[in-house]
Amino acid sequence: MKMANTELSRGSLAARSGVNSETIRYYEKIDLMPDPIRSSGGHRIYELEHLKRLSFIRRSRELGFTLREIRGLLSLVDGGDYTCAEIRDRTLSHLDDVTKKIRDLQKMQSTLKSMASKCNGGLAPDCPIVDTLFF
């Protein structure tokens with residue numbers, strides 16, 4: 001990604017990365033994002049590396065990685081002492097978690113469909129869905 005200006009304000013960083021400004025602040029607070037340098041007036045100045053890191057975090061979140069998992073991935077990358085196999089293992093572990101969640105969601109879907117099929121949608125307050133939820 002080629003950028004004409006590599007010095008960005010938080011607002012510019014948010015706009016270019018697609019990450020909310022308050023989320024960037026939060027990531028700084030929990031040390032996922034490195035502190036930016038400051039101008040002589042005390043304003044934060046973000047650089048291309050901040051944008052790249054924030055994009056990594058955003059894409060990881062979109063794929064369902066937790067902040068803890070992202071921190072683990074970044075610690076490997078930051079140290080520069082990682083192998084592709086290590087990253088693959090962490091990704092496959094996350095894939096297993098996603099697969100389990102999908103199975104759980106499919107069970108929930110089936111249960112909800114079954115509950116809804118027992119209700120005729122009538123106007124009486126006697127509802128089999130409510131009865132199922134109570135027992």
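Nothing in this text is a laboratory measurement; each read-out follows from the coordinates by a stated rule. Since this is a predicted model, take the numbers as computed values, not measurements. Neighbour counts are summed over all protein chains in view; Cβ atoms, including those assigned to glycine, are modelled from backbone coordinates with ideal geometry.
Counting only pairs 8 or more places apart or on different chains, how many lysine pairs in the chain have C-alpha atoms closer than 24 Å?
Pairs that pass both the separation and distance tests number 5.
Select one label from (i) 121; (ii) 202; (iii) 93: the one whose number is volume of the Cα convex hull per residue in Å³ as derived from the coordinates shown.
The listed entry that was calculated here is (ii).
Could you work out how far apart the two model spin labels at L112 and T83 are, taking each label as a point 7 Å from the Cα in the direction of the beta carbon, and quote it in nm?
Output for this residue pair reads 4.3 nm.
Report relative contact order for the chain in percent, whole number only (criteria: Cα-Cα under 8 Å, sequence separation at least 6).
16
Please give the per residue volume of the convex hull enclosing the alpha carbon atoms of region 29-100, rounded to a whole number of Å³.
Per-residue hull volume (Cα only) is 91 Å³.
What does the extension gain come out to for E22 and S75, with contour length at 0.36 nm per residue minus their alpha carbon separation?
16.8 nm
Sort I57, I102 by Cβ crowding within 10 Å, fewest neighbours at the top.
Final ranking by Cβ density, sparse to dense: I102, I57.
Please identify the trypsin sites (Lys or Arg not before Pro) of region 1-55 that satisfy two criteria: DSSP loop assignment and at most 13 other Cβ atoms within 10 Å. Which are they?
Here the trypsin sites (Lys or Arg not before Pro) that fit, given the DSSP loop and packing criteria, are K2.
From the backbone phi of region 85-96, what are the Karplus-calculated ³J(HN,Hα) couplings (6.51 cos²θ - 1.76 cosθ + 1.60, θ = phi - 60°) in whole Hz, Gly and Pro given as x?
4, 5, 5, 4, 4, 5, 5, 5, 4, 5, 4, 4
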